[in-house]
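Here is the structure we will look at, set down as structure tokens.
The values are calculated or read from the model by the stated rules, or taken from the named source; none is laboratory data. Everything quoted here is computed from the prediction, not taken from an experiment. Quick reminder, even Gly has a Cβ in these numbers, built from the backbone with ideal geometry, and neighbours come from all protein chains shown.
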Amino acid sequence: MSENQKSRYFWPMMFLAAFLFGGILWGLWMHKLVVRTRSYKENSFPVPRSNPTDTTPGSLPTTRTNSALPNTNGMVWISGGTFSMGSEDGRPDEMPVHQVTVDGFWMDKTEVSNEQFKKFVHETGYVTVAERPPNPKDYPGADPSLLVPGSVVFSPPDEAVPLNDASVWWRYVPGANWSHPEGPDSTIKGKEKYPVVHVAFEDALAYAKWAGKGLPTEAQWEYAARGGLDRQPYVWGNEQVPNNKWQANIWQGHFPNENSSADGFKGTAPTATFAPNGYGLYDMAGNVWEWCADWYRPDYYAQSPGKNPQGPTDSFDPDEPGAQKRVQRGGSYLCNDVYCSGYKPGSRMKCTPDTGLSHSGFRCVVSN
């Protein structure tokens, strides 16, 4: 081969050699990536694969898991940190204020919506507590006509009433449940984006396990709700109505008979209607109460561990000593400062696990 021919083929050969070498490197890199991804799937975010665990009282029906790994789409990553948990000017069970450190976790941006819960029910055939006939043994002496599937619905009186008897504005409605929130003649059509309500604790837990997620601990919930604002009275800061604009769906007017709807809503509002907090989470104040994983005790803060507290091992409510209760957080559209300031980040509520209400819902987390 002449010198001219060698010169003419030199650069094409160099290009071909470089292309082949690059292909080999790319293949090695892709092999490494596949191995690393497979390792991540096998070792990260372990998800329970068993049926939902037993709760007290009652037990959960079987549901199947939606996927092998949780889907964090629609969730926000909350970096771990330390914050002041509780309230200095709230109820006794919100004291003492204490330092708590939590590890990072994922949290749903919004409360679980009707359309999300409907998908869960459609895929699993799950039947909520409100759709099951009550067991007469659990309600000795009860009127048999009331022992039918149903739930408790907010029913405001026409006139002002004393605030020492909540039964005046709550009514058990046969046929009320998550898909018929006001009773059998109501529907969620057109309210797909509204938060699901009438979910008992075990309903929320069943959904969370199907989704490969969990319910937040009380500490996770409050840390996330504060959005980086430590010791502030509201999730958005220290002023209730900044610039005369309501920041959450709560009650305005005389409770329970007059709601002026100054915030734009008489009942629940679609999720993500109001501005998010500092972590990008919506409705961490107002709209609907949200279930937490913890059992409720009013004295737990005095003995709570300083890192990743999981709540007490049992429950006690001095108002109802014989009832086991779980924690709820965030308040609802029925909260106001006269009767219930539950929309403040340090506020706590408690409820029996088998109870669903027309202002109670939930959101999920994924912990590493």
- Need at least 1 residues that are without any contact (Cβ under 8 Å) to a residue 24 or more places away in the chain and touching a Gly at 6+ places or on another chain (Cβ under 6 Å) per element, so show me which strands (runs of 3 or more DSSP E) inside the stretch 80-185 make the cut, counting only ones lying wholly within it. 170-174
- Query: Restricting attention to the stretch 329-350, does a residue exist that is in contact with a helix residue (DSSP H, G or I) (Cβ under 9 Å, 6 or more places away or on another chain), within 25 Å of SER151 (Cβ to Cβ) and without any contact (Cβ under 8 Å) to a residue 60 or more places away in the chain?
  - Reply: yes
- Item | So PHE265, is it out of contact with any Asp or Glu (no Cβ under 7 Å at 6 or more places or on another chain) and more than 25 Å from ILE188 (Cβ to Cβ) | no
- Query: Hey, among GLN220, GLN240, which residue is out of contact with any Pro (no Cβ under 7 Å at 6 or more places or on another chain) and part of a loop (DSSP other than H, G, I, E, B)?
  - Reply: GLN240
- Message: Against the definition (at pLDDT 95 or above, β-branched (Val, Ile, Thr) and buried (at least 20 other Cβ atoms within 10 Å of the Cβ)), how does THR128 come out, yes or no?
- Response: yes
- Residues located in the stretch 296-345, provided they are of a type in the set (Lys, Arg) and either over 18 Å from ALA200 (Cα atoms) or in a loop (DSSP other than H, G, I, E, B) (or both): ARG297, LYS307, LYS325, LYS344
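When the stretch 324-343 is examined, which residues are found to be among the aliphatic types (A, V, I, L, M) and modelled with pLDDT of 95 or more? Give the steps one after another, and end with the answer.
At the first step, the residues of the stretch 324-343 found to be among the aliphatic types (A, V, I, L, M) are 327, 334, 338.
VAL327, LEU334 - these are the residues of the stretch 324-343 that are among the aliphatic types (A, V, I, L, M) and modelled with pLDDT of 95 or more.
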- Item | Residue check, SER167 among the small types (Gly, Ala, Ser), under 30 Å from TRP251 (Cβ atoms) and either surrounded by 14 or more Cβ atoms within 10 Å (Cβ to Cβ) or within 25 Å of the chain's Cα centre (by Cα) (or both) | no
